[in-house]
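Derivation of every value follows stated rules applied to the coordinates shown; laboratory data play no part. These numbers were taken from a predicted model, which means no experiment stands behind them. Glycine gets a Cβ as well: all are built from the backbone with ideal geometry, and neighbour counts include every protein chain shown.
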Amino acid sequence: MKSLKKIGLLALSLTFLGCDSLVDLTPESVISVNSFWKTEEDAQGGLVGMYNQFRDFASDDLILLGEARSETLGNGLANASFRIKYFENSLSENDADLNWQQMYRVVNYANLVIKYVPDISFNNEDSKQSVLAQAYCMRAYMYFVMARTWGDLPLITEPVEGYDAETTFKARTSAAEIFQFIKSDIQKANDLFPNNKFSAKRDFWSMPAANMLKADVYLWTAKRLNGGTADLNEALKALNEAEQSDVALLDNFANVFAYNNKGNKEVIMVAHFADLEVGDNYFDDMYIRASEMTPNMGQQAFDIIGAGGGNNYWAPTATLRNQFTSDDQRRNVSFLELYATQNGVRNYVTSVVLKGKGFVVGGARKFLDDVIIYRYADLILMKAEIKNALGQDPTEEINRVRRRAYGNAFAQHQFVNGTKAENDEAILKERLLEFAFEGKRWWDLVRFGKAFEKVPSLKGRQNDQYLLLWPIPLQTLSLNSKLVQNPGYR
């Protein structure tokens, strides 16, 4: 009980964070030094705190950063005027909406683990190494998210434990240096992980997940930071190593997202959500309330929707929906178009996302699906992308994914190797169909260099390359005179 109280106090001290510093962290972690970080149980408790903060990030920030500015989502039935800036790519420093506070909170937990766990005695050395590896991996992932979003970043490698203006208020480190740091952390994690196995729910960083992250990072630097062939080969090597773990492409696409099938073999890394632990995640903004359903939508729609819930703030766009053919099994798993028939005329009303529809208890729907960070289909399509970039044939990988998607209709959709540009187009589209609403599309578009071509609100704005980055909110800038706004937003 004493340890549980200490864990709670640690969480409390790191949750009620002020805004007197660059990352909105306050030096309220005296308890962490004086009475925490003493035992193996403390270390595990600190790790749980890190994952709780990670879950808070995945609950909303991931979809905003990774997909909201792409072509997949638009306005639903509910009033969502506050989200138009994403769809129109009209963010400004006065209306950036999202800052890096939650991401640096996760980093701070990781920094605490990295600082204190080496001096703690464990009953099993493998357990100690795994805890440290997970912290390095988490820190690398969060910096990867932030570097793709803001570019240059303050590099915080020590926990915030006391007020020191020199170390608390930091200038931004170049994105190139941030990526070197990310790669270093991933290497440290891989050196520490004792085996190539997953946790029971696949919700903790593991060696396979670290290798997925490594591939993701090196693929990004290969294409965006002139890493070239060397980085492509490093990414491919990491994918091959991840593939040696207990992973598989499920036969049925729907089973990947079934609430009662969490932690299945296609999953490599998730942010875990569970009833009585946390509130709904972002999928609750993509469904529909029962009160918004009307009888003229038809019984089939009611049967699929079941108990309504959440809000229809976000709706899949026609641009996305029209990419799916009727024989693509991913279509009916990913979203549902709702039509109302009146006087014999069928009119489109809205669409709802089905991938994360959660479960129903007591007549109420709870949106507590795990948020998938990496899954095996991602590995396969990343491998296709890398092979194509290296001048190799990606046919095998693309057709593995299509064979599941189209089933008996696969023959009509079989991929045939073409030019490098044609193959890239096919891979990018396959990723759209496979990973819609999983927080990947925006970064896919940027990595492929296609954001200004594919996103309606960006067409004709190729000269405004600054739009690929997010502005730093004015409030964040006002807290630290060493910070400089991203070009184009000044």
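For the reader, a short list of remarks on this structure follows.
- Residue order, fewest to most beta carbons within 10 Å, for Arg490, Arg83: Arg490, Arg83
- Reachable lysines from Lys357, criterion Cα separation under 17 angstrom, eight or more residues apart if same chain: Lys262, Lys366
- For the pair the stretch 78-128 and the stretch 253-311, the centres of their Cα atoms are 25 angstrom apart.
- Other residues with beta-carbon under 11 Å from the beta-carbon of Leu250 carry, at +1 per Lys or Arg and -1 per Asp or Glu, a net charge of +1.
- The stretch 282-369: C-alpha gyration tensor shape, a/c 1.5 cut-off, then a/b vs b/c: oblate
- The magnitude of the dipole of the chain, with charges of +1 and -1 set on the Cβ of Lys/Arg and Asp/Glu and taken from the Cα centre, is near 640 debye.
- Placing +1 on the Cβ of every Lys and Arg and -1 on the Cβ of every Asp and Glu, with no other charges, gives the stretch 181-253 a dipole of roughly 180 debye about its Cα centre.
- Contact order relative to length of the stretch 282-369, as percent, for alpha carbon pairs under 8 angstrom and 6 or more apart: 33 percent
- Counting charges near Ala364 (Lys, Arg +1; Asp, Glu -1) among other residues having Cβ under 14 Å from its Cβ returns a value of +1.
- Unit charges at the beta carbon, dipole of the chain: most positive-side option, Ala409, Ala171, Asn255: Ala409
- J(HN,Hα) series, the stretch 354-359, from Karplus relation 6.51 cos²θ - 1.76 cosθ + 1.60, nearest Hz, glycine and proline x: 9, 4, x, 7, x, 8
- Considering helices alone, the calculated mean residue ellipticity of the chain at 222 nm is -14500 deg cm²/dmol, with DSSP H runs of length four and up weighted by -39500 (n - 2.57) and normalised per residue.
- Ordering Leu379, Phe283, Val333 by the projection of their Cα atoms onto the charge dipole of the chain, which places +1 on the Cβ of Lys and Arg and -1 on the Cβ of Asp and Glu, puts Val333 at the extreme positive end.
- Three-way shape label, the stretch 404-448, alpha-carbon gyration tensor, a/c 1.5: oblate
- Each of Asp203, Asp164 has some number of other Cβ atoms within 10 Å of its Cβ, and from fewest to most they run Asp164, Asp203.
- Using 0.36 nm per residue and subtracting the Cα-Cα separation, the extra length available between Ala307 and Ser121 on full extension is 62.0 nm.
- With 25 Å as the limit on Cα-Cα distance, the pairs of Lys85/Lys214; Lys201/Lys440; Lys183/Lys223; Lys214/Lys450; Lys383/Lys454; Lys128/Lys223 that go past it are Lys85/Lys214; Lys128/Lys223.
- Span from the the stretch 188-232 Cα centroid across to the the stretch 373-391 one, whole angstrom: 13 Å
- Contact order relative to length of the chain, as percent, for alpha carbon pairs under 8 angstrom and 6 or more apart: 20 percent
- ³J(HN,Hα), Karplus 6.51/-1.76/1.60, whole Hz, each residue of the stretch 260-269, x for Gly, Pro: 7, 10, 4, x, 5, 6, 7, 6, 10, 7
- Of the DSSP H helices in the chain, those whose Cα atoms cover at least 30 Å axially and whose Kyte score averages -0.5 or more: 40-66, 125-150
- Selection from Phe273, Asn226, Ser245, by position along the positive dipole direction of the stretch 222-296 (Cβ): Asn226
- Packing-based exposure ordering (other Cβ within 10 Å, fewest first) of Tyr348, Tyr143, Tyr51: Tyr348, Tyr51, Tyr143
- Gyration tensor verdict on the chain (Cα atoms; rounded if a/c is under 1.5, prolate if a/b is larger than b/c, oblate otherwise): rounded
- Charging the Cβ of each Asp and Glu at -1 and of each Lys and Arg at +1, and nothing else, the dipole of the stretch 282-369 about its Cα centre rounds to 40 debye.
- Gain in span if fully extended, Asn240 to Ala171, counting 0.36 nm per residue against the direct Cα distance: 21.1 nm
- Figure legend: label point modelled 7 angstrom from the Cα of Lys85 along Cα→Cβ; no residues of the stretch 128-165 have amide N under 12 Å from it.
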